[in-house]
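All of the numbers you see were taken from the coordinates with simple rules; none came from a lab. Because the structure is predicted, anything quoted here is derived from the model rather than measured. Note: ideal-geometry Cβ built from the backbone for every residue, glycine included; neighbour counts use all protein chains shown.
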Amino acid sequence: SIKEPPQNPPPRPPAELRRKRP
Amino acid sequence: GPIILETYRAIADYGKSSKYELNLKTGDLLEIVEKSPNGWWFCQRESQRGWVPASYLEPLEGPDEMEEPEPNYEGELYITTKGYTAAEDDELTLGPGETIEVIHKLLDGWWVVRKGEQTGHYPSMYLRKTGEKREV
């Protein structure tokens, strides 16, 4: 159903937008 | 009273890769219905509803204040339910059934995990909690 999230991992953010990482 | 949904803004264009997702244009405003820990958020935009990658969204108020949990350097034991091959330098390649330690549960669904000497990002949707305590 539409309430089930996609079965594949979400995309990583575009590299230039990536948030601060540990 | 009425249910107030949080509003987030798209920080980049996104083209959907499966049905039930939404296409995004930079600057789109979306209301968040559900935040799944796997990094897919269920959103609505006017009359449309669908899943959006959380990594493409920032809160409308206070863009720097994502309510991200703190890292836990002791680690929490999880098992990989599915293998994944790293596509970026900061990701880990693991097979199914491997025990790892989760250090940081990032909202974008790519958690920081540790396996022996290696640390990197891994899709949280391929992880299951073991329920065991870590040996000290």
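How fast does segment B:42-133 diffuse by Stokes-Einstein, in µm²/s, taking the Kirkwood radius from C-alpha pairs at 25 °C and 0.890 mPa s? Present the calculation step by step, with values, prior to reporting the outcome.
Numbers: Rh = 14.6 Å.
D, rounded to a whole number, is 169 µm²/s.
Within a 10 angstrom radius of each residue's Cβ in B:90-102, how many Cβ atoms of other chains show up on average? Whole number is fine.
Per residue, the average neighbour count from other chains is 0.
Would you please classify the overall shape of segment B:81-136 from the alpha carbon gyration tensor, given that a ≥ b ≥ c denote the square roots of the eigenvalues, rounded means a/c under 1.5, and beyond that prolate means a/b larger than b/c while oblate covers the rest?
Rounded, because the longest to shortest axis ratio a/c is under 1.5.
Using the crude model of +1 on Lys and Arg Cβ and -1 on Asp and Glu Cβ, and no other charge, please compute the dipole size for segment B:1-126 relative to its Cα centre, in debye to 20.
680
Along the charge dipole of the protein assembly as shown, pointing to its positive end and built from +1/-1 on Cβ of Lys, Arg, Asp and Glu, which listed residue (B:Ala10, B:Gly120, B:Gly95) has its Cα farthest out?
Most positive-ward Cα: B:Gly95.
Calculate how many DSSP beta bridges within the protein assembly as shown are antiparallel, expressed in % of all such bridges and rounded to the nearest 5.
Working: 35 of 37 bridges.
If we restrict to bridges inside the protein assembly as shown, about 95 percent are antiparallel.
Classify the protein assembly as shown as rounded, prolate or oblate, taking a ≥ b ≥ c as the square roots of the eigenvalues of its Cα gyration tensor: rounded when a/c is under 1.5, otherwise prolate if a/b is larger than b/c and oblate if not.
Prolate shape, in that a/c is at least 1.5 and a/b is the bigger ratio.
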